[in-house]
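Below is one structure, written out as structure tokens; comments come after it.
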Amino acid sequence: MTRVLLAPVGSWGDVRPMLALGRALAASGHAVSLAAPPDFEAEAGRLGFAFHAVGRSAEAFLHNESAAVVARPIERLKVTSRYLVEELSVQFEGLARAAKGAELVVGASLQFAARSVAEALGLPCRFVVFCPQALRSASHPPVIVPWQSMPGSANLFLWRASDLFYDRLLTKALNRCRADLGLASVRRYTGHMNAVPMIVASDEALAPVPDDVRPRPVQSSAWHLDDDEALSPDLEAFLAVGEAPLYMGFGSMTDPEPERTTAILAEASRISGTRMVLARGWAGLGRDPLPDEILAIDRAPHATLFPRVAAAVHHGGAGTTAAAARAGIPQLIVPHLLDQFFWGARIYRLGLGPRPIPRSKLTVERLAGAFAALRSDPEYAQRARIMGETIRGADRLAETASRLTSGTLRP
């Protein structure tokens, strides 16, 4: 038995895959604890994991900065930079306490302290990302850049600029925290973080790790926390009447004007004659009365719902993109920030859905046209079905969990 501390930081899309990893580890007899933002204590408890609150509430931060979620890239970068500096010291303090007694630390997403805390305690450390775009490559820009069709030379230039920016932003703060743990300073923040052995928890059929990524990571598959949770009676009744609806939801993305966004979605639904299941999400969409063709829900398990809808329209989070692909349904992505633009481009290039509509360019006309395309183009449905079969046959979660604790996880 290995005592494993899982330490993701971010929103539901960052934490749920780690909970899936935790459940796979626990099924093999390992002791699992979760160090994550306080938003996820109840879910950790439901799965039987010890919980340590580390970092600030992701939901509260996104609500406080909801205007930045839909702002221009430069405005988002300003807000994100402030968050990173403030969050770094908070994470060090919380994770140093949580890691006592652990034998393996597995960080993920925006977790900055995992490698240093593990080093101070003499523990092995691994790090998980959920999108190949998190790794330097000429094939794509850094995640803070939304443009996905640039030449390799431009992408590499942006990676150099990004590394320089984050080194200047975070290296001093990182070294102050390391000094508190009795550790030596590091020369560069990015070099320090990139040296941790990486696991890419995403489906190779959707986005393989580019050949030029160094050091080579391990690519697993997307990790799904599938529950046998039943759908609500209202949702079951809605699905049973008429043609299969679209799923519509922006997950953890907040919105400064949820009423206006809901009105856009409702009007696009009316114009295109499309039935819709609308997930309220952290934005709180669909709070006002809606037409009979739209059913608003607080939540529903993707693994249960997605196979029963015609297509998914969503923000492009790695988890939602993978869940829709696994279910074998077409997708339309409305990217808000970060790697959502990458996933939107991938879905479009693979022919699994229409061209993505950035959140800043979301209009009734664009959305209605995309709804109609999703419903009328049989090629989307056929390619999505084949993709779903491919992904379901390549699930490597249990294998990755076993190799992680045995020390045999190598590229």
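The table that follows gives values for the structure above.
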| read-out | value |
| --- | --- |
| Meets criteria (closer than 30 Å to S402 by Cβ, part of a loop (DSSP other than H, G, I, E, B) and not basic (K, R)) for P215 | yes |
| Test for R275: is it in contact (Cβ under 8 Å) with a residue 12 or more places away in the chain and surrounded by 19 or more Cβ atoms within 10 Å (Cβ to Cβ) | yes |
| Unique match (being modelled with pLDDT under 95 and either surrounded by fewer than 24 Cβ atoms within 10 Å (Cβ to Cβ) or outside any strand (DSSP E or B) (or both)) among L295, L305, L337 | L337 |
| Where a residue in the stretch 379-392 is closer than 13 Å to E204 by Cβ and its partner, wherever it lies, is part of a helix (DSSP H, G or I), with Cβ under 7 Å and at least six apart | M387/A325; I391/A325; I391/R326 |
| Residue identified as crowded, with 16+ Cβ neighbours inside 10 Å, modelled with pLDDT of 95 or more and in contact with a strand residue (DSSP E or B) (Cβ under 6 Å, 6 or more places away or on another chain) among A120, A102 | A102 |
| Residue in the stretch 108-130 that is among the aromatic types (F, W, Y), under 25 Å from R349 (Cβ atoms) and either in contact with a helix residue (DSSP H, G or I) (Cβ under 6 Å, 6 or more places away or on another chain) or assigned by TED's automatic domain parsing to the domain that holds E86 (or both) present | yes |
| Test: residue in the stretch 236-244 that is under 14 Å from R359 (Cβ atoms) and either within 26 Å of the chain's Cα centre (by Cα) or assigned to a helix (DSSP H, G or I) (or both) | no |
| Residue within the stretch 138-153 that is touching a residue at least 12 places away in the same chain (Cβ under 8 Å), over 19 Å from the mean Cα position of the chain (by Cα) and either part of a helix (DSSP H, G or I) or assigned by TED's automatic domain parsing to the domain that holds G328 (or both) present | yes |
| Selection within the stretch 94-115 - touching a Gly at 6+ places or on another chain (Cβ under 6 Å) and either within 13 Å of A31 (Cα to Cα) or polar (S, T, N, Q) (or both) | S109 |
| Filtered residue count, the stretch 359-399, keeping only those that are among the hydroxyl-bearing types (S, T, Y), in a helix (DSSP H, G or I) and either farther than 24 Å from A20 by Cα or at pLDDT below 95 (or both) | 3 |
| Filter pass, I199 being within 17 Å of the chain's Cα centre (by Cα) and not in a loop (DSSP other than H, G, I, E, B) | yes |
| Answer from R188, R136, R178 - the residue that is over 23 Å from A20 (Cβ atoms), surrounded by fewer than 18 Cβ atoms within 10 Å (Cβ to Cβ) and not aliphatic (A, V, I, L, M) | R188 |
| Filter result for the condition that a residue is in a loop (DSSP other than H, G, I, E, B), under 27 Å from K100 (Cβ atoms) and either without any contact (Cβ under 8 Å) to a residue 12 or more places away in the chain or outside the structural domain of V117 (by TED's automatic domain parsing) (or both), over A184, A179 | A184 |
| Helices (runs of 4 or more DSSP H) wholly inside the stretch 1-120 containing at least 1 residues that are over 19 Å from the mean Cα position of the chain (by Cα) and either among the basic types (K, R) or under 26 Å from S202 (Cβ atoms) (or both) | 12-27, 41-46, 73-98 |
| Check on A266, in a helix (DSSP H, G or I), at pLDDT 95 or above, under 26 Å from L62 (Cα atoms) and within 16 Å of the chain's Cα centre (by Cα) | no |
| Any hit, the stretch 158-172, residues being of a type in the set (K, R) and outside any helix (DSSP H, G or I) | no |
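The values are calculated or read from the model by the stated rules, or taken from the named source; none is laboratory data. Everything numeric here is computed off the predicted structure, so don't read it as measured data. Using ideal geometry, Cβ is built from the backbone for each residue, glycine included, and neighbour counts are taken over all protein chains shown.
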